[in-house]
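Have a look at the structure below before the remarks.
The values are calculated or read from the model by the stated rules, or taken from the named source; none is laboratory data. What you see is a predicted model; the values in this text were computed from it and never measured. Note: ideal-geometry Cβ built from the backbone for every residue, glycine included; neighbour counts use all protein chains shown. Accessible surface areas use protein heavy atoms only, side chains included; no ligands, DNA or RNA. Shrake-Rupley method; radii C 1.70, N 1.55, O 1.52, S 1.80 Å.
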Amino acid sequence: MMANAPLFFPLIFICFFSSAPSASVITHLPGFRGSLPFYLETGYVEVDRENGGELFYYFIQSESKPAEDPLSPEICDSRVQRELAELSVQSLFLDQGDFFLFSNRGRNWMHAFDPVYVKTYMQVANVIFVDSPTGSGFSYSRKNEGYDANDTSWSEQAYKFLIQWLVEHPQFISNPLYIAGDSYAGKIVPIVAKRVMDDIDEGKESLFNLQGYLVGNPFTGGEVDRNSQIPYAHNMGIISDDLFEMTQRCCVGQDYRTPTNSQCAKYLDTYDNGHILEMACAPDYERNHLQHRMCATSDKRNSKQNLHFLQPPPLPDLSCRSYAYVLSYYWANSKTVRKALDIKQGTIKEWVRCNFTLPYTYRYDSNIDYHLSLLHRGYRALVYSGDHDMVIPFLGTRQWIKSLNSSIIDNWRSWLVDGQVAGYTMAYSNNLTFATVKGAGHTAPEYKPKECQAMISRHNYADFSGGILLLLPRDCDHATVRQEEEDDGDRSPVFSTHLDLPLFLLLCSIGLGDHPFAWIPRPFALLLRDRVWYVEVDKENGGELFYYFIQSESKPAEDPLFLWLTGGPRCSAFSGLVFEIGPLKFVTAEYNGSLPSLLYNPYSWTKVANVIFVDSPMGSGFSYSRKDQGYDANDMSWSEQTYKFLIQWLVEHPQFISNPLYITGDSYAGKVVPIVAKRVMNGINEGKEPLLNLQGYLIGNPVTGGKVDKNSQLPYAHGMGIISDDLFEMTQRSCLGQDYRIPTSSQCVKYLDTYDNGHILEMACAPDIEANHLHRRMCATSDKRNLKQNLHFLRPPPLPDLSCRTYAYVLSYYWANSKTVRKALAIKQGTIKEWVRCNFALPYTHGFGSNIDYHLSLLQRGYRALVYSGDHDLVIPFLGTRQWIKSLNSSIIDNWRSWFVDGQVAGYTMAYSNNLTFATVKGAGHTAPEYKPKECQSMISRWIANVPL
C-alpha cells in the first residue's frame, strides 16, 4: 500500500498549537539580520471550544519542493507536554529549525541569531511546529480547566489541530503526511497517527494522505525507557561493574520508574540521565527530570528542583550549550518579538521554554500496540536515537523495536555523511527503519543537525543504501523539483507540475507558530514564494489584469518593488518572467507532447527586488475583459490601467507601500513606463492615498514613440556592416527628411526593407512564422529578411529548429495552455480560451507621439532612471537611445566608459547629473536580459545599490 509513496514529504511539528482563522506571514524576525530566507507563517487554531483553548503554531514551508515534500506536524519531546514544550521555539531554533541562537554574553537578544547556518529539515519537508498541549509556549486557554492535560487529551488536541489546519490550508491536503516528534512526544506521535489512520479506514475524513511517522529519541511509556538506562550507563563506563551488579540485584523485576525497594532507588540516583559527553552546567538549575535536557541546563549528579521560570532564569556559563535556552526566554518575552509573531495580547504573560507549573497526568502504559497497528497496515516509520542519550538510551529503543517481531531486510551497519560514519542503522520488513546518530544526545538534531538532515533527506528519497533517517518534509509549492544537469555541469532545480508533496505533523515539546506561505499552486510557486491573482482595472467592461508576484530572494521587506511591464504591445508578462528577468527558464529540450519543464534562473532580478509581472494591457496573457470594448487599447489606456492596478495591488498588499518603488519594463513598454511613472508622481504631488514611495524607473531596449527609434536603424545597420556604403547613401538620399516609420517615397520603402531589425548575430529561424513586427523577436521566431505576416496563434505555432533561441517561445505556448498549469495558476475558467505569448489579434492604436517630455518631467523632479540597451539590438538600436538621452541636455558626471563583470567588459555606460544612467550590454540583442542574464543582473544590482556600474 505504501510502496509507491511520493519521495518528498511536508513536515508539521506539533508541539503545542491552536487553530487560527487567520495566520500571519513573517518576513522578518527581531534578532535575525535581514529578511527570512524561508517562508514562515504563525497563527492559532482552536482545539478546545469549551475552555477557549487555542494552539499556537509556526509553519515553515519546505525550502526544496514544498508542493511535493512531506507535511509533518512534529510532536517534540518533553515530559510534561508543556515541558515538552521545549516549545516549538526549541525545535525551531535549537533542533530542526533554521536558526541557531548566538551565545552572546548578556541580554541583547536583538542580535541573537546566527544567520550563517544552516541545513535544516525544512530543506526537505514542510513543517508545522505546534505549541502543544495547551499551556505550552504561546498556546493558551481562557479557562483554567483547559490546562489539565494527559496523553489522551494531548493527542486529541493534536488531531483536532491537524484537521482544522488542513481545512484552512487545503493546498497541502494531497501532500504525503507524516506525524513526527521526539522525546516524550515520541509516545504521542503513534497515538495521533493511529487516530488519523482510523478515520481514513472509517471514511470519516478525506483530508489525509498519511504515509507514516517518525520519532526521535522516543519515549514509549513502557518500563523499557527507564530500565535500559542502567545497562547503557554501564556500557558507557559511567557506573562500575560492582554498582551495575548491585543495582541489578536490588532492582530485579522492578519498574525503574517506580522502584519499591529503597536500596534500588538509591542506586538509581547515582547517575545522571542526560548527554554523557557534555560538561555540567548550572547546578540545581532544573530538576532531574526525564526531559530536563530539553528544557534547560542541569547538573549531572544532583538536579531535582523544578524550574518554573517565574522570573528570568540565571545565565549559565557562556560555554554551555544551554546558554541559548536562556536567550530564548529574553527573545520570546520581548514586545518586539511578540508583535512580529502576532501573539494575542493578554494570553501568555510570560513565555517559558518548558512549563512545569501546569498539571499533566503521566500514564505509564506503553504505546507499542500503536506502533504495531500502524506498521501492520504498511505505514512507514523512522525511529532514530542519539547514541549518547542516556535519557532514552538507544539500547531500550532497539529492544522494543525487536519486540515487534519483524524480519530484518538490511542488517545493522554504518551510514555515512561526507564519507564519515554518522551512525548505524537497520531496516525491517514492516517498513520501519531504525538509526543511531553518532555523538548525539537528547535530542539528536540539537547535537548533530547536519547528520540528522542528511538522514531525513535520504529517508524521504527512500535511499537506504547509506543509512536512513526519516524526516518528514513539509508541503511546498505546487511544484516538483528534480535535478537536471546542464551543459556546463551546473545542476539547477527543474520544475514540473507534480503538486503532491508530503505533509508532516510533528508533535514537539516546543512552542512554535504556524507560518503562512503565501504561495499558490503553480509549477514554480515553491521557488518564487509569490502569488498569482487578478486585479480589476475596468469595472465598466469587467476588465481584470492577471499578475505574478515574486518576492525578493534577499530582503523582501526592504528591497525595492518593481512593477514590470512587457512590451509587444500585448506580450505576456510571463515572457519577461521566464525569458528575461524572472527566476525561471524553460528547459530547451525537444518537445515530445508532455509538459515542458522549468528550471531555476540564478540570474533573476528577484535576487535584489520584489517583482510584479503584469499581463497588460487587457488581452495580454491571462488578462481578460468580459466585454469586447475592454480590449480597445492605446498607450494612454494601457498606462491608466497599469496605474489603477498598482494602486489596488498596494492597497491589498500594504506591507509593500513603504518599499522603494520603481516602474520598469522593456521594448514597447519602454514607451509606457515613463507615462505610468509620471502618473504616480502626480498622485504623490496631489497627496492621493496611498502615498507611494516612488524612487524612479528603468527601461531596457526602450521604444520612445519618436521617429528616432526607427530612423536610427539605418546608420546602425551600416555601422554593423549589415548594409553597404552604397545602399546606406542611396537610402539616406531617398528618405531624406522622412519618418522611417511612415515613409512617403516608394524608393525609400524599398531600401528600408532590405535589412532585418532583430538580433544581428543570431541565425535565422522558422521563416514566415511571424510578421515583420517591431517585437516579433519577443513573440516567436523569425527570418531576418522577409517576414510580413502576423501570427495570431490561432493554433499551436510550428516548432523552429531546436538550436534556435526562440524554440522556448513555442514551449511556453504548450506550457501555459496546459490544464494542469491553468489549475495551478488559478486561472479563471472561460476567460482566456487560448494563451499566446504575444497577442497581435486585438486592436491597439499606436500613437506616434514621443514620451521624451515624460522623461524630462520625472528627471527634473529628481527621480532616478536607468536606461540600458543591448549593443546588438537592431530593433531599437542603442544609437537612437543615446541620441534622445543626449537631447535631454543634462551634464555628464561619469563619461562613457566600460563596465565589468568578473573582470570582463560587460558593456559601456555614462551617467548624467539628472540622475539618469545609460548602459549598453555587450553582445545582447532585443531584449538584453534574454541574451546576457548574468551581466544584466549585475547591472541592476549595482544600480539599485547606488553603486556606479
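If I filter the stretch 411-433 down to residues being surrounded by 21 or more Cβ atoms within 10 Å (Cβ to Cβ) and among the β-branched types (V, I, T), which single residue comes out as farthest from the chain's Cα centre (by Cα)?
Once the filter is applied, the top-ranked residue is T425.
Within the stretch 378-389, identify whether any single residue is open to solvent by 20 Å² or more (accessible area, probe 1.4 Å), small (G, A, S) and at pLDDT below 95, and answer yes or no.
no
Table: residues versus (1) more than 23 Å from N592 (Cβ to Cβ); (2) modelled with pLDDT of 90 or more; (3) crowded, with 20+ Cβ neighbours inside 10 Å.
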| residue | (1), (2), (3) |
| --- | --- |
| S818 | no, yes, no |
| R822 | no, yes, no |
| A841 | yes, no, no |
| F848 | yes, no, no |
| H855 | yes, yes, yes |
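Going by what's in this entry, would W638 be described as over 32 Å from the mean Cα position of the chain (by Cα) and farther than 21 Å from N915 by Cα?
Numbers: over 32 Å from the mean Cα position of the chain (by Cα): yes; farther than 21 Å from N915 by Cα: yes.
Yes: the conditions hold for W638.
Can you name the helices (runs of 4 or more DSSP H) wholly within the stretch 682-742 that have at least 2 residues being of a type outside the set (S, T, N, Q), more than 30 Å from Y931 (Cβ to Cβ) and free of Cβ contacts under 8 Å to residues at least 60 places away in the same chain?
Details: elements: 708-711, 713-719, 725-734.
The helices (runs of 4 or more DSSP H) meeting that bar are 725-734.
Among the residues of the stretch 692-710, count how many are surrounded by 22 or more Cβ atoms within 10 Å (Cβ to Cβ), of a type in the set (S, T, N, Q) and touching a strand residue (DSSP E or B) at 6+ places or on another chain (Cβ under 9 Å).
Residues meeting the conditions: 1.
Return the total of residues in the stretch 1-49 being modelled with pLDDT of 50 or more, in contact with a Leu (Cβ under 8 Å, 6 or more places away or on another chain), in a loop (DSSP other than H, G, I, E, B) and open to solvent by 10 Å² or more (accessible area, probe 1.4 Å).
Looking only at that region, the number is 2.
Can you name the number of the only condition in (1) surrounded by fewer than 23 Cβ atoms within 10 Å (Cβ to Cβ); (2) under 27 Å from G568 (Cβ atoms); (3) in contact (Cβ under 8 Å) with a residue 24 or more places away in the chain that S637 fails?
Single failed check for S637: (3).
Output the residue which, of all residues in the stretch 366-377 that are of a type in the set (A, V, I, L, M, F, W, C) and open to solvent by 20 Å² or more (accessible area, probe 1.4 Å), is farthest from P176 (Cα to Cα). Don't jump to the end; show me each part of the working.
So in the stretch 366-377, the residues of a type in the set (A, V, I, L, M, F, W, C) come out as 368, 372, 374-375.
Checking the rest, the ones that are also open to solvent by 20 Å² or more (accessible area, probe 1.4 Å) come to 368, 372.
Working: I368: 24, L372: 21 Å.
Among them, the one singled out is I368.
Look at the stretch 53-84 and say how many of its residues are open to solvent by 10 Å² or more (accessible area, probe 1.4 Å) and at pLDDT 90 or above. Break it down into steps so the answer makes sense when it comes.
Here is the first cut: in the stretch 53-84, the ones open to solvent by 10 Å² or more (accessible area, probe 1.4 Å) are 54, 63-65, 79.
If we keep only those that are at pLDDT 90 or above as well, we get 54.
The number of residues fulfilling the criteria is 1.
Here are some conditions: (1) surrounded by fewer than 19 Cβ atoms within 10 Å (Cβ to Cβ); (2) part of a loop (DSSP other than H, G, I, E, B); (3) modelled with pLDDT of 90 or more; (4) not aromatic (F, W, Y). G593 meets all but one. Which one does it not meet?
Condition not satisfied by G593: (3).
Condition first: buried (at least 22 other Cβ atoms within 10 Å of the Cβ) and of a type outside the set (V, I, T). Can you find one or more residues in the stretch 887-899 that meet it?
Let us first name the residues in the stretch 887-899 that are buried (at least 22 other Cβ atoms within 10 Å of the Cβ), namely none.
The answer is no; no qualifying residue exists.
Hey, E689 hits all of (1) open to solvent by 30 Å² or more (accessible area, probe 1.4 Å); (2) in contact with a Pro (Cβ under 9 Å, 6 or more places away or on another chain) but one; which does it fall short on?
Unmet condition: (2).
For the stretch 392-410, does any single residue satisfy the condition of being surrounded by fewer than 17 Cβ atoms within 10 Å (Cβ to Cβ), assigned to a strand (DSSP E or B) and either at pLDDT 95 or above or not β-branched (V, I, T) (or both)?
Yes; the residues of the stretch 392-410 include at least one that is surrounded by fewer than 17 Cβ atoms within 10 Å (Cβ to Cβ), assigned to a strand (DSSP E or B) and either at pLDDT 95 or above or not β-branched (V, I, T) (or both).
Considering only the stretch 826-846, how many residues are small (G, A, S) and over 18 Å from G630 (Cβ atoms)?
Final tally of qualifying residues: 1.
Listed here are the residues, each with its yes/no results for (1) touching a Phe, Trp or Tyr at 6+ places or on another chain (Cβ under 7 Å); (2) at pLDDT 50 or above.
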residue	(1), (2)
L501	yes, no
G513	yes, no
D530	yes, no
Y534	yes, yes
T566	no, yes
C571	no, yes
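Pull up the stretch 164-217, narrow it to residues that are in a loop (DSSP other than H, G, I, E, B) and touching a Leu at 6+ places or on another chain (Cβ under 6 Å), then point me to the one that is nearest to I401 (Cα to Cα).
Taking the stretch 164-217 first, the residues in a loop (DSSP other than H, G, I, E, B) are 169, 173-176, 183-184, 203-209, 217.
Keeping just the survivors that are touching a Leu at 6+ places or on another chain (Cβ under 6 Å) gives 173, 175, 184, 207-209.
On the way: I173: 31, N175: 28, Y184: 17, L207: 30, F208: 26, N209: 25 Å.
By that ranking, first place goes to Y184.
What are the residue pairs meeting all of these: first residue in the stretch 193-209, first residue more than 25 Å from I368 (Cβ to Cβ) and modelled with pLDDT under 90, second residue part of a loop (DSSP other than H, G, I, E, B) and of a type outside the set (S, T, Y), Cβ atoms under 6 Å, and 6 or more apart or on different chains?
So the pair list comes out as L207/I173; N209/P176.
Tell me yes or no: at least one residue of the stretch 355-365 is open to solvent by less than 30 Å² (accessible area, probe 1.4 Å), in contact (Cβ under 8 Å) with a residue 24 or more places away in the chain and more than 30 Å from P312 (Cβ to Cβ). Break it down stepwise before answering.
As a first pass, look at the stretch 355-365 and keep what is open to solvent by less than 30 Å² (accessible area, probe 1.4 Å): 355-356, 360.
From what is left, the residues that are in contact (Cβ under 8 Å) with a residue 24 or more places away in the chain are 355-356, 360.
Subsequent filtering for residues that are more than 30 Å from P312 (Cβ to Cβ) retains none.
No: zero hits.
This table checks each residue for (1) of a type outside the set (S, T, Y); (2) open to solvent by less than 50 Å² (accessible area, probe 1.4 Å); (3) modelled with pLDDT of 80 or more.
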{"site": "S724", "(1), (2), (3)": "no, no, no"}
{"site": "Q732", "(1), (2), (3)": "yes, no, yes"}
{"site": "S745", "(1), (2), (3)": "no, yes, yes"}
{"site": "D756", "(1), (2), (3)": "yes, yes, no"}
{"site": "L774", "(1), (2), (3)": "yes, no, no"}
{"site": "L787", "(1), (2), (3)": "yes, yes, no"}
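Would the stretch 574-583 turn up any residue that is at pLDDT below 95, within 22 Å of A808 (Cα to Cα) and open to solvent by 10 Å² or more (accessible area, probe 1.4 Å)?
No, that holds for no residue.
Tell me, yes or no, whether the stretch 911-931 has at least one residue that is at positive phi and either at pLDDT below 95 or outside any loop (DSSP other than H, G, I, E, B) (or both). Outline the logic, then answer.
Filtering the stretch 911-931 for residues at positive phi gives 915, 923.
If we keep only those that are either at pLDDT below 95 or outside any loop (DSSP other than H, G, I, E, B) (or both) too, we end up with 923.
Taking every residue of the stretch 911-931 in turn, at least one turns out to be at positive phi and either at pLDDT below 95 or outside any loop (DSSP other than H, G, I, E, B) (or both).
Would the stretch 315-326 turn up any residue that is part of a helix (DSSP H, G or I) and not hydroxyl-bearing (S, T, Y)? Outline the logic, then answer.
Start the filter on the stretch 315-326 by keeping residues that are part of a helix (DSSP H, G or I), which leaves 323-326.
Going one step further and asking which of them are not hydroxyl-bearing (S, T, Y), we end up with 324, 326.
Taking every residue of the stretch 315-326 in turn, at least one turns out to be part of a helix (DSSP H, G or I) and not hydroxyl-bearing (S, T, Y).
Could you look through the stretch 855-911, keep only residues that are among the aromatic types (F, W, Y) and out of contact with any Leu (no Cβ under 6 Å at 6 or more places or on another chain), and pick out the one that is farthest from Q713 (Cα to Cα)?
Start the filter on the stretch 855-911 by keeping residues that are among the aromatic types (F, W, Y), which leaves 863, 868, 878, 884, 896, 899-900, 908.
Filter once more, so that each one left must be out of contact with any Leu (no Cβ under 6 Å at 6 or more places or on another chain): 863, 868, 878, 884, 896, 900, 908.
On the way: Y863: 30, Y868: 17, F878: 9, W884: 14, W896: 21, F900: 27, Y908: 20 Å.
Once the filter is applied, the top-ranked residue is Y863.
Determine which member of the set M279, M294 is within 36 Å of the chain's Cα centre (by Cα), modelled with pLDDT under 80 and closer than 25 Å to G441 by Cβ. If you could, list the steps in order and put the result at the bottom.
Details: M279 fails: within 36 Å of the chain's Cα centre (by Cα).
When all the criteria are applied, what remains is M294.
Go through the residues of the stretch 803-814 one by one and say whether even a single one is open to solvent by 40 Å² or more (accessible area, probe 1.4 Å) and either modelled with pLDDT under 70 or among the hydrophobic types (A, V, I, L, M, F, W, C) (or both). Don't jump to the end; show me each part of the working.
Step one: filter the stretch 803-814 for residues open to solvent by 40 Å² or more (accessible area, probe 1.4 Å), giving 803, 805, 814.
Remaining after also requiring either modelled with pLDDT under 70 or among the hydrophobic types (A, V, I, L, M, F, W, C) (or both): none.
Checked the stretch 803-814: no residue is open to solvent by 40 Å² or more (accessible area, probe 1.4 Å) and either modelled with pLDDT under 70 or among the hydrophobic types (A, V, I, L, M, F, W, C) (or both).
If the requirement is being open to solvent by 10 Å² or more (accessible area, probe 1.4 Å), part of a helix (DSSP H, G or I) and in contact with an Asp or Glu (Cβ under 7 Å, 6 or more places away or on another chain), which of these qualifies: I675, I647? If you could, list the steps in order and put the result at the bottom.
Details: I647 fails: in contact with an Asp or Glu (Cβ under 7 Å, 6 or more places away or on another chain).
After ruling out the rest, the residue left standing is I675.
Test each condition in (1) open to solvent by 10 Å² or more (accessible area, probe 1.4 Å); (2) in a strand (DSSP E or B); (3) of a type in the set (A, V, I, L, M) for I663 and report the one that comes out false.
(1)
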